Amino acid sequence: MIPEQAPCVAVIVAGGKGLRMQNALPKQFLPLQDKPILYHTIAAFIEAIPAVRIVLVLPTEQISYANMVLQQFSGGVEITIVHGGPSRFHSVKNGLLEAKEEDIIFVHDGVRPLVSPELIQRCYAAAQAHGSAIPAITVSDSIRQVNNTGSIAIDRNALRAIQTPQTFKGSLLLPAFAQEYREDFTDEASVVECFGQPVHLVEGEKSNLKITTPEDLLFAAALLNQLHENN
């Protein structure tokens, strides 16, 4: 457990409709080991930092599903539910209304349920030290860049795949989100960089996968089973 030297808030963004999951139920509410995917995501943050404030950002039409998650916490849990916006940027911005400049702020994909408490704590400590902490992993596949005449090989050693929780001091993230929206704002790191501030990478985890397809859900279930067997 890390010493809680600053208050912190986790803005968990869950705006997916699950079209690639071939299921009418939004993917963040699909069962993973008999509990909604979002339950596992939220539980990881509470385990890592019990005093963390949870802000859950959902599309307006999915707010009614939230009880599916809340009722899984037998001891009760306080979660602030916020309406999402037309883009990730706007959804995160709505969630940040619940944060303060003195906070350490995590922004995490709701469908990354296997994020470990250790990664959360590592991001917290790095954000305190550097202002930001962006989890990243090395790229193991060969990469090619497609152009008008074909494609060219790219040196994968210079590339990193970016994950969440992207973590920042509130004094850095909140002013950055006061900018006007741009289409190239693909994540929080890109917003902060556009604001003129560098971001600090930390080691991510290959198991911290983002569930977008039925195959991803199978992988997540297998990883969870292995984790429980090892414990």
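Database remark: amide H of GLY84 closer than 5 angstrom to the amide H of LEU58, THR60 (H placed geometrically; neighbours at sequence offset of 5 or more, or on other chains; Pro and chain starts carry no H).
At 222 nm, what helix-only mean residue ellipticity would the chain give, in deg cm²/dmol to the nearest 500, using -39500 (n - 2.57) for each DSSP H run of four or more?
Values: 7 runs with 71 residues, N = 231.
Result for the chain: -9000 deg cm²/dmol, rounded to the nearest 500.
Among the helices of the chain, those built from whole DSSP H runs whose Cα atoms reach 20 Å or more along their own axis and whose mean Kyte-Doolittle hydropathy is at least -1.0 are 214-230. Matching the structure-derived Cα Rg over 2.2 N^0.38 Å against the labelled list (i) 1.22; (ii) 1.01; (iii) 0.92 gives the label (ii).
Read the figures in this text as sums done on the coordinates, not as results from a lab. As the structure is a prediction and not an experimental result, all values here were calculated from the model.
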